[in-house]
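K.L.:
There's a structure below that I have some questions on.
The values are calculated or read from the model by the stated rules, or taken from the named source; none is laboratory data. Since this is a predicted model, take the numbers as computed values, not measurements. No Cβ is skipped: glycine too gets one built from the backbone with ideal geometry, and neighbour counts run over all protein chains shown.
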Amino acid sequence: MSKRPLWRATSLIAIGLSLALMVMAVLVNTITLPQEYAWLRILFGISALNFTLRATVPLVLGALSGILCERSGIINIGIEGMMLAGAFGAFVAKVATNDWPLLSSLLVGVLAALLVGGFMGLLHAILSIRFRMDQIISGTVLIILATGFTSYLFDRDAVAEGKFSALHIPILADIPVLGRILFENPPLTYLALILVVVIHVALFYTRWGLRTRAVGEHPRAADTVGINVNRYRYVNTTIGGMLAGLAGGFLVLEAVGQFQEGMTAGRGFIALAAMIFGNWNPFGALGASLLFGYTQALQNELLLAGFTTVPRQFVSMLPYVVTIIAVSGFVGRVRPPAAEGKVYETEAH
Amino acid sequence: MTTMPVLEIRNISKHFPGVIANQEINLKLYDGEILALLGENGAGKSTLMNIIYGLYQPTAGEIWVEGKPAVMRNPNDAIALGIGMVHQHFQLVPVMTVAENIMLGSESVKNGFLDTRTVAARIRELSQRYHLEIDPYAMIEDLPVGVRQRVEIVKALYRNANILILDEPTAVLTPQEIEGLFEVMARLKQQGTSIIFITHKLKEVLRVADRIVVLRQGRLAGEANPATASERTLAAMMVGREVILTVTKQASQPRDVVLDLQQLSAHDDLGNQALRSVSFQVHAGEIVGVAGVQGNGQTELVEAITGLRKVDSGQIVINGQNLTNASPRHITETGEICHVPEDRHTYGMIDSYSIADNLVLNSYYQPPYVRNWTINKRAIQEHAQALVKLFDVRTPSVDNAGDSLSGGNQQKMVVAREFSRPIKLLIAAQPTRGIDVGSIEFIHQQIVDKRDHGVAVLVVSSELDEILALADRIVVLYKGEVIGIVPRAEATREGLGLLMAGVQTA
Amino acid sequence: MKFRVLRQLGQTLLLPLLALLTALVLGAVIMLLSGDNPWEAYRGLFAGALGNARGWTSTVRRMTPLILTGLSVATAFKAGLFNIGASGQFLMGTIAAVAVGVNFEGLPMVIHLPLAILAGALGGVIWGAIPGLLKVYTGAHEVIVTIMLNYIASNFVGWTVYAGGTQGQTPGPLWDITAGAVSETRDVLLSAQLPYIIGPPYRVHWGFGLALLIALFVWWLLYKTIIGFEIRTVGQNLKAARYAGMHVNWTIVRTMMLAGGLAGLAGTFETLGVNHKFAPTFTGSVGFDGITVALLGQTHPLGVVLASFMFGTLDAGGTRMQFDSGVSADIIQVIQALVLAFVAAPLLIRTIFRLRRVRHSLDTTPSARWGGLV
């Protein structure tokens, strides 16, 4: 299998930079630093990296969602809405089962997030395919719907009790520096990383993946060998919705613990940028998500360190500025699935 | 001797909203024969084949395979019955490998994962059996057109096709590659495959077919025997009347140089070198035809001359003025040129705009169409009415949308817009692609007319017949280089074919 | 000829009206399912919006920013661009207008007001130029860039009016010292405030009149001038436009600048006419409202004005509805989303109502694609 389509410049850059990050982390945290360089601890300290990983999870899940949809030919900018809806679904389910044992209650929440997200994904597919809505508009509609619905239905007095706690993996967690960052995390974080591998393998090494990619690149070619183009698009977009919903579920059940109106705060869009920067590859998207997650961590660390020379609002801008640079600096070299965004018409019987 | 046909089509009709594509067609294909299906553009050939292949459902009629009725709900059904199709526009995913493309839809799977190795082995086996050399691990986008066609054929054979439909397979091949294809077809026939060969090229049909069937406007116009038929009789069947196959023109009387290309080099969108030091001239009062298989730099050449593509080095001099890398508008105005693009839908017109608006697409900013920044609707209307009459564009109203016109009329509209300006240089790229014979004749006559009025004409066409009919001098492009310039009197199909394939003579 | 135009107009209006109707019905269903009373809610809604002078003027006041942001998005659509950045352009316009409006004590209104308006327009123009230039020179898709710019703008504007936090950050340049811990600006000077058409308590300011005039101007620009012809052609078929000799890149940048300026003016008029100062809490769902209004109005300036009226009604009635019937005003957003869904999928409405296909020469939807150079 030729490697060339899998690894193009931008995804390599994303992965490379993330690896560099990890190396710096190890160095900074194991070597004793002279005083002038203590600030490096802010940039590369364990707390920064933990935060990075936590910030990366919703981004990479959102990016995976985008990858599945777009690889099959459906542009999905509504990830933000699906994430928010999934978060809300998880919250409602968690609150409703507050008096259940914690683990069961949390699992119900995850299930709800998947269901709600899947429903949103299916809706996007129906609007785009069956009703031929422009796919960007369809995504926009989903965002507005999600924002409106979640605000309308949100009971501000409801409180969810408990969230996922860290799972300590024996032996691996004892590796200095990297062990504490990578192997002592709550379950959804591990799930997200596992999903990156699973989806990568599925896309490039299974029959389903081959057909999905064909449908996104040259649907007519797929049609002429008897593949049901729209069926693949429906299925992929629905699963994509589930992933986005899971991202929202993570925010409520693992990160924050409660629901807040608009809590996704643009993560869905940054996830899109991660998908583009990562060249529609799961590993590339992971690399890009780590980068964007890192800028969010940086913002937090600088704030905690009392670094007020630069106004906090400018630090908050960082992830968004980096995203713009990522999307414009390298777009000439990214290659989206060739047939995305276009309605595929099979001849009516 | 009555043998059972391997494929029989009984009374097939296909209606689309507003147009009847096929009307009560009856056809038989016998085992091991090459049946040619002839007809001009829009006659319904591809539609009929798509019905056989299961991509379309017939409005009426039946298909019988090996003596049994068959229903093709989708291509899978057709494939299961041994029918394979090589489409006119290749159905290959450019960013996937040969093996991936061939196995798509019929994948070999081991333990849940794709078993590419088994697929590659079978491809190599088929490759050898039929002398269709392909590398299973090559990426489609790296392969030249002739090889891609081989991939398409192997794709059909991989699925055990014994009825093979080839839809306009020679459109993108050099004369030598076409010979190669004919050899492959002969070998396939030898090994028991029956072939339906769709084309609109009369010479090929006479060369390779065992039987000929002609479609005209959706109906069966007749059958012919290649041993007894001639190009003239076939053309008459295709069109329904006597057709003048050559353009009548007097000898050209070339005067001053209008277009002077000096060592032009440019690259294409993918970064590859498209033009290498191209130099030639076009004089007023002559038609220079650029021949060559598509993809050898013709598109980029026209783009460079008209300002749509930046040139890396070299000069473009029009009417004595250096217009290299100037903007399209500047070139059009200063060079007094006009350009009939090779793809009218993408470049030549706006489908949803009215015919009137389309006719001022590159002159809307000039008086009388504009007055103090405002559009002068009446002037545009009048202009449109006049042109539509002059150029025989058939439409009930100039306010109708561009895409309400038939292909031939759309092209006439584009030609009307371009030819109605005072021009010194005319550039026409694939001017009669995909249109009916009547429109082809009209446009060819217009081009010769312009030449006789002293305009310098550059015609780029992948149809060798068109070049031979129109050109006074022929430039052959091969891989971006001018590999030969031949006066019409000395040009032969064989000689040109060799040049087009890169074989330099002397 | 005239009859045909009228009939076309009627057919074009039918779709949005049916969309609204369906959305209202669906909204009622949702309310019923959540235990709210839709009749009370809708009664409060329409009473609040149109029942009395206070309601009417409230509706009219809300229309102003909607018309302008709707025009912003619609104009961009005409060129095949998706301007989701209206809210960022709105903010940058606002802050520029405020900066001019709170300073320059002593300038006569005849200079100060136009200056403030100009500043506001310019703020939006610059914020719109950025995605335009990026698209043309790097191929970056305007959807992502404008969304990111929205967040950047909101952060930037937040900084300018920041009261200074607990950690000792210096307050922003436009912050009102007398406001204590509240992050907001000083009042805009009287000489830079938009005068009223109808004075208090109704407060219908001249921004409304200007917005209508601007809508007329945009209509003239798009359909009667060669600039509009170029914009529409680029939106229909970029390659054909280039082949026809149009300066495609410049048209794209120019259109984004125009769109940005319109959204910037929306913010400007809100500030100079209604709020007379700025606090970050003032911005609502400006950006998405603009998209909804643009699509509901079939990207035609006249349609945008009518659609703004529709949504202005919904917005204005929302508070009254909440007050009267206790139904949360968030349902309005849901209804708006539903209207958008039905308008953007004509096939959906047609399937529901079994309408015949109508040829729309008015609508344009941009083709969805990421990246790649123009």
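K.L.:
Which of the residues that make up the stretch A:212-229 are within 21 Å of A:VAL201 (Cβ to Cβ) and among the β-branched types (Val, Ile, Thr)?
P.N.:
Scanning the stretch A:212-229 gives A:THR212, A:VAL215, A:ILE227.
K.L.:
While we're here: Restricting to the stretch A:265-314, and then to whatever is surrounded by fewer than 24 Cβ atoms within 10 Å (Cβ to Cβ), part of a helix (DSSP H, G or I) and at the interface with another protein chain (Cβ under 9 Å from one of its Cβ atoms), can you tell me which residue is modelled with the highest pLDDT?
P.N.:
Restricting to residues being surrounded by fewer than 24 Cβ atoms within 10 Å (Cβ to Cβ), part of a helix (DSSP H, G or I) and at the interface with another protein chain (Cβ under 9 Å from one of its Cβ atoms), the top hit is A:PHE314.
K.L.:
So in the stretch B:56-93, with the set limited to residues that are in contact with a Gly (Cβ under 6 Å, 6 or more places away or on another chain) and not in a helix (DSSP H, G or I), which one is farthest from B:PRO5 (Cα to Cα)?
P.N.:
Among residues in the stretch B:56-93 that are in contact with a Gly (Cβ under 6 Å, 6 or more places away or on another chain) and not in a helix (DSSP H, G or I), the one farthest from B:PRO5 (Cα to Cα) is B:ASN74.
K.L.:
So, in the stretch C:213-239, how many residues would count as being among the hydroxyl-bearing types (Ser, Thr, Tyr) and either more than 7 Å from chain B (Cβ to nearest Cβ) or part of a helix (DSSP H, G or I) (or both)?
P.N.:
The number of residues fulfilling the criteria is 2.
K.L.:
Separate question: Since B:ASN409 meets every condition but one in (1) in a helix (DSSP H, G or I); (2) in contact (Cβ under 8 Å) with a residue 60 or more places away in the chain; (3) surrounded by 17 or more Cβ atoms within 10 Å (Cβ to Cβ), which condition does it not meet?
P.N.:
(2)
K.L.:
Might you check whether a residue that is out of contact with any strand residue (DSSP E or B) (no Cβ under 7 Å at 6 or more places or on another chain) and closer than 15 Å to B:LYS249 by Cα occurs anywhere in the stretch B:469-486?
P.N.:
Within the stretch B:469-486, one or more residues are out of contact with any strand residue (DSSP E or B) (no Cβ under 7 Å at 6 or more places or on another chain) and closer than 15 Å to B:LYS249 by Cα.
K.L.:
Name the residue that is nearest to B:THR346 (Cα to Cα), counting only residues in the stretch C:225-243 that are aliphatic (A, V, I, L, M), free of Cβ contacts under 8 Å to residues at least 24 places away in the same chain and in contact with a Gly (Cβ under 9 Å, 6 or more places away or on another chain).
P.N.:
C:ALA240
K.L.:
Would you be able to tell me the number of residues in the stretch C:190-206 that are within 20 Å of C:ALA97 (Cα to Cα) and either acidic (Asp, Glu) or out of contact with any strand residue (DSSP E or B) (no Cβ under 9 Å at 6 or more places or on another chain) (or both)?
P.N.:
Result for the stretch C:190-206: 3.
K.L.:
Tell me which residues, restricted to the stretch A:106-141, are surrounded by fewer than 24 Cβ atoms within 10 Å (Cβ to Cβ) and within 12 Å of chain C (Cβ to nearest Cβ).
P.N.:
Passing the criteria: A:LEU123, A:ILE126, A:ILE129, A:ARG130, A:PHE131, A:ARG132, A:ASP134.
K.L.:
Considering only the stretch A:142-156, state which residues are within 7 Å of another protein chain (Cβ to nearest Cβ) and either of a type in the set (Gly, Ala, Ser) or in contact with a His (Cβ under 9 Å, 6 or more places away or on another chain) (or both).
P.N.:
Scanning the stretch A:142-156 gives A:GLY148, A:SER151.
K.L.:
Right, something else. Being buried (at least 16 other Cβ atoms within 10 Å of the Cβ) and modelled with pLDDT under 90 is true for just one of B:ALA236, B:ALA227. Which residue is that?
P.N.:
B:ALA236
K.L.:
Return the total of residues in the stretch B:403-420 being within 14 Å of chain C (Cβ to nearest Cβ) and modelled with pLDDT of 85 or more.
P.N.:
Of the residues in the stretch B:403-420, 5 are within 14 Å of chain C (Cβ to nearest Cβ) and modelled with pLDDT of 85 or more.
K.L.:
State which residue is nearest to B:ALA429 (Cα to Cα) when the search covers only the stretch B:332-342 and only residues that are at the interface with another protein chain (Cβ under 10 Å from one of its Cβ atoms) and touching a residue at least 12 places away in the same chain (Cβ under 8 Å).
P.N.:
The residue in question is B:PRO341.
K.L.:
Also, quick follow-up: Go through C:ARG320, C:ARG242 for me and flag whichever is basic (Lys, Arg), away from every other protein chain (no Cβ under 14 Å), in a helix (DSSP H, G or I) and surrounded by fewer than 23 Cβ atoms within 10 Å (Cβ to Cβ).
P.N.:
Just one listed residue meets the conditions, C:ARG320.
K.L.:
So, one more: Does the stretch B:24-38 hold any residues that are more than 25 Å from the chain's Cα centre (by Cα) and part of a strand (DSSP E or B), and which are they?
P.N.:
B:GLU24, B:ILE25, B:ASN26, B:LEU27, B:LYS28, B:LEU29
K.L.:
Taking the stretch B:96-115, which residues are at pLDDT 90 or above and either at the interface with another protein chain (Cβ under 7 Å from one of its Cβ atoms) or under 27 Å from the mean Cα position of the chain (by Cα) (or both)?
P.N.:
B:MET96, B:THR97, B:VAL98, B:GLU100, B:ASN101, B:ILE102, B:LEU104
K.L.:
Anything in the stretch B:323-370 that is of a type in the set (A, V, I, L, M, F, W, C) and within 29 Å of the chain's Cα centre (by Cα)? List them, or say none.
P.N.:
Hits for the stretch B:323-370 are B:ILE331, B:ILE337, B:CYS338, B:VAL340, B:MET349, B:ILE350, B:ILE355, B:ALA356, B:LEU359, B:VAL360, B:LEU361.
K.L.:
Still on this model: Of the numbered conditions (1) closer than 19 Å to B:ILE196 by Cα; (2) within 27 Å of the chain's Cα centre (by Cα); (3) at the interface with chain A (Cβ under 10 Å from one of its Cβ atoms); (4) surrounded by fewer than 21 Cβ atoms within 10 Å (Cβ to Cβ), B:MET85 fails exactly one; give the number of that condition.
P.N.:
With (1) closer than 19 Å to B:ILE196 by Cα; (2) within 27 Å of the chain's Cα centre (by Cα); (3) at the interface with chain A (Cβ under 10 Å from one of its Cβ atoms); (4) surrounded by fewer than 21 Cβ atoms within 10 Å (Cβ to Cβ) applied to B:MET85, the lone miss is (4).
K.L.:
Any residue at all in the stretch B:63-75 that is within 23 Å of B:ALA221 (Cβ to Cβ) and either touching a Ser or Thr at 6+ places or on another chain (Cβ under 6 Å) or away from every other protein chain (no Cβ under 14 Å) (or both)?
P.N.:
Yes, because at least one residue in the stretch B:63-75 is within 23 Å of B:ALA221 (Cβ to Cβ) and either touching a Ser or Thr at 6+ places or on another chain (Cβ under 6 Å) or away from every other protein chain (no Cβ under 14 Å) (or both).
Residue-by-condition table, conditions (1) farther than 26 Å from C:GLY207 by Cα; (2) more than 14 Å from every other protein chain (Cβ to nearest Cβ); (3) without any contact (Cβ under 8 Å) to a residue 24 or more places away in the chain; (4) of a type in the set (Asp, Glu):
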position: C:VAL248; (1), (2), (3), (4): yes, no, no, no
position: C:HIS276; (1), (2), (3), (4): no, yes, no, no
position: C:ALA279; (1), (2), (3), (4): no, yes, no, no
position: C:PHE309; (1), (2), (3), (4): no, yes, no, no
position: C:ASP324; (1), (2), (3), (4): yes, yes, no, yes
position: C:VAL334; (1), (2), (3), (4): yes, no, no, no
position: C:LEU338; (1), (2), (3), (4): yes, no, no, no
position: C:ALA344; (1), (2), (3), (4): yes, no, no, no
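K.L.:
Only residues that are touching a helix residue (DSSP H, G or I) at 6+ places or on another chain (Cβ under 7 Å), over 16 Å from B:GLU418 (Cβ atoms) and more than 10 Å from every other protein chain (Cβ to nearest Cβ): list them for the stretch B:357-382, please.
P.N.:
Scanning the stretch B:357-382 gives B:PRO368, B:ILE380, B:GLN381.
K.L.:
Exactly one of (1) closer than 24 Å to B:GLN23 by Cα; (2) surrounded by fewer than 17 Cβ atoms within 10 Å (Cβ to Cβ) is unmet by B:ARG216. Its number?
P.N.:
Of (1) closer than 24 Å to B:GLN23 by Cα; (2) surrounded by fewer than 17 Cβ atoms within 10 Å (Cβ to Cβ), only one is false for B:ARG216: (2).
K.L.:
Which of the residues belonging to the stretch A:204-220 are part of a helix (DSSP H, G or I), more than 20 Å from B:VAL109 (Cβ to Cβ) and at the interface with chain B (Cβ under 7 Å from one of its Cβ atoms)?
P.N.:
Matches in the stretch A:204-220: A:GLU217, A:ARG220.
K.L.:
So which residues in the stretch B:339-378 are surrounded by fewer than 24 Cβ atoms within 10 Å (Cβ to Cβ) and part of a strand (DSSP E or B), if there are any at all?
P.N.:
B:SER354, B:VAL370, B:ARG371, B:THR374, B:ILE375
K.L.:
Would you tally the residues in the stretch A:157-181 being in contact with a Lys or Arg (Cβ under 6 Å, 6 or more places away or on another chain) and either of a type in the set (Lys, Arg) or within 14 Å of chain C (Cβ to nearest Cβ) (or both)?
P.N.:
Summing the residues that are in contact with a Lys or Arg (Cβ under 6 Å, 6 or more places away or on another chain) and either of a type in the set (Lys, Arg) or within 14 Å of chain C (Cβ to nearest Cβ) (or both) in the stretch A:157-181 gives 0.
K.L.:
Scanning for something within 12 Å of chain B (Cβ to nearest Cβ) and part of a helix (DSSP H, G or I), does the stretch C:253-267 turn up at least one residue?
P.N.:
Scanning the stretch C:253-267, I find no residue that is within 12 Å of chain B (Cβ to nearest Cβ) and part of a helix (DSSP H, G or I), so the answer is no.
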